[in-house]
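Student: Take this structure first; my questions come after.
The values are calculated or read from the model by the stated rules, or taken from the named source; none is laboratory data. All values derive from a computational prediction rather than experimental measurement. Cβ placement follows ideal geometry from the backbone for every residue including glycine, while neighbour counts extend to all protein chains displayed. All accessible areas refer to the heavy atoms of the entire protein, side chains included, with ligands and DNA or RNA removed. Shrake-Rupley method; radii C 1.70, N 1.55, O 1.52, S 1.80 Å.
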Amino acid sequence: MLLQDKVAIITGGGSGMGKAMCQLFSRQGAKVVVADLNAEAAEATRQELPGDALAVAVNVADEAMVRNLVEETVRVFGRVDILANNAGVPMSFLPIEELTVERWDTIMNVNTKSIFLTSKYVVPIMKQQGGGVILNTASIASIRARPGLHAYCASKGAAVILSKALAIELAPYKIRVNAINPGPADTPMLSKFMNGDQADIERDTKEIFIDSVPLGSLISPEDIANAALYLASDMGKMVTGEVLNVDGGRGI
Ligand SMILES: NC(=O)c1ccc[n+]([C@@H]2O[C@H](COP(=O)([O-])OP(=O)(O)OC[C@H]3O[C@@H](n4cnc5c(N)ncnc54)[C@H](O)[C@@H]3O)[C@@H](O)[C@H]2O)c1
């Protein structure tokens, strides 16, 4: 039980990697707050968890909703030990001149501004408690840019350097901050990076992405959850400001 009685907020907990983190953290003894824009998905994840858990509907890009998420967590569980900023939105390949300002803003707000917002409300609690852990799910796209993914790459690159900036600022308070860079992962998001006819996308997506991974398979949500457990638990107690690529070698 690596997370016995720790309280963990996991955003994007309704699907994919966030759901796998909720399941693993709960099995390791954590009290889990499943936070997701999709209230039904958050509740479905909560119902499957073996330990104490709470589902909260939240848009992580909305300050008032983020404040409510943190307040609800403290009201129900009394503290916050782990904050996993994992919710994110993808983009499909698009020439820069076709990207709208609205889409740019959404990607930056959900993938990057959210980390600022959750940290703004969680850090004072962690400081008062004498420590905590923040984990940010970035992407291998933060270091290996691909054509047509400009806004997504920028949002994840910003997430990485924001993680490092917070790590150095918060180290004196024993708050560790790390990022994980997943490679192409077998979640509902993967096909949303593709353009074209839906049937083609469904047929081709996995093959195309598998070819891009030197280890020869997609990353599973559980691979990411295992890395998150290492960083969130005392196994990683001297690790901060780090970026862990869980990408099957795609970033090399
Ligand atoms: N799947 C991949 O290949 C891949 C690769 C690298 C990085 N990532 C990153 O990993 C993270 C998890 O992605 P996933 O593959 O599990 O995706 P997913 O689509 O399976 O799950 C994402 C979850 O985030 C939630 N979400 C979206 N916008 C939100 C918002 N504004 N507020 C709250 N919740 C919101 C969705 O409802 C969904 O439940 C994301 O940050 C993503 O960018 C994914």
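Student: Determine the dipole magnitude for region 82-160: charges of +1 sit on the beta-carbon of Lys and Arg, -1 on that of Asp and Glu, nothing else is charged, the reference point is the Cα centre, and the result goes in debye to the nearest 20.
Tutor: For region 82-160, the charge dipole is close to 340 debye.
Student: Between beta-carbons, use under 12 Å as the cut-off and find the net charge around residue 229, counting Lys and Arg +1, Asp and Glu -1.
Tutor: Its environment carries a net charge of -1.
Student: Mind giving me the FRET efficiency for residue 203 and residue 144? R0 is 30 Å, r the Cβ-Cβ distance, nearest 0.05 is fine.
Tutor: That pair, residue 203 with residue 144, gives E of 0.75.
Student: Related question: Can you tell me the orientation of helix 39-48 relative to the chain, as the angle in degrees between its alpha-carbon axis and the longest Cα principal axis, to the nearest 10?
Tutor: Relative to the chain, helix 39-48 is tipped by roughly 60 degrees.
Student: Identify the residues of region 40-67 with backbone N under 15 Å of a label point that sits 7 angstrom from the Cα of residue 92 along the Cα-to-Cβ direction, or state none.
Tutor: none
Student: Also, I was wondering about something else. On a straight-distance basis, which lysines could pair with residue 164 in a cross-link, Cα separation under 17 angstrom, same-chain partners fewer than 8 positions away excluded?
Tutor: Hits, sequence-local ones excluded: 113, 120, 156, 174, 237.
Student: Let me ask something additional. For region 163-168, take each phi angle, set θ = phi - 60°, evaluate the Karplus expression 6.51 cos²θ - 1.76 cosθ + 1.60, and give the result in whole Hz per residue in order, putting x for glycine and proline.
Tutor: Taking θ as phi minus 60°, the curve returns 4, 5, 4, 5, 4, 6 Hz for region 163-168.
Student: Sticking with this one: When the accessible area of the chain is computed with all protein chains present and a 1.4 Å probe, what percentage of it is carbon and sulfur?
Tutor: The C+S portion of the solvent-accessible surface of the chain is 53 percent.
Student: From the gyration tensor of the Cα coordinates in region 1-53, what semi-axes in whole Å does the equivalent ellipsoid have, largest first, with each one equal to sqrt(5λ)?
Tutor: They are 17, 9, 9 Å, listed from largest to smallest.
Student: Shifting gears a bit: Grab every C-alpha pair in region 1-120, bin the distances at 10 angstrom width from 0 up to the longest one, and report whole percents.
Tutor: In whole percents, the pair-distance histogram is 15, 45, 28, 10, 3, 0.
Student: For the pair residue 120 and residue 52, what calculated FRET efficiency results from E = 1/(1 + (r/R0)^6), where r is the Cβ-Cβ distance and R0 = 30 Å, to the nearest 0.05?
Tutor: 0.70
Student: If you take the square roots of the eigenvalues of the alpha-carbon gyration tensor of region 142-186 and sort them as a ≥ b ≥ c, do you get rounded (a/c under 1.5), prolate (a/b over b/c) or oblate?
Tutor: prolate
Student: Bin by bin, in steps of 10 Å, what percent of the Cα pairs in region 124-252 do you find, going until the bin that has the longest distance?
Tutor: All Cα pairs considered, the percentages come to 13, 38, 30, 14, 5, 0.
Student: Moving on. For the chain, calculate the relative contact order in percent as a whole number, restricting contacts to Cα pairs under 8 Å that are 6 or more residues apart.
Tutor: 20 percent
Student: Taking the solvent-accessible surface of protein heavy atoms with a 1.4 Å probe, what is the per residue accessible area of the chain in Å²?
Tutor: 45 Å²
Student: Could you work out how much longer the chain between residue 191 and residue 226 gets when fully extended? Use 0.36 nm per residue separation minus the Cα distance between them, nm to one decimal.
Tutor: Extending this stretch completely gives an extra 10.3 nm.
Student: For the chain, report the % of Cα-Cα distances exceeding 29 Å.
Tutor: 24 percent
Student: If you place +1 on the Cβ of every Lys and Arg and -1 on the Cβ of every Asp and Glu, how big does the dipole about the Cα centre of the chain come out, in debye to the nearest 20?
Tutor: Here the chain has a charge dipole of around 960 debye.
Student: Mind giving me the FRET efficiency for residue 76 and residue 173? R0 is 22 Å, r the Cβ-Cβ distance, nearest 0.05 is fine.
Tutor: It comes to 0.40.
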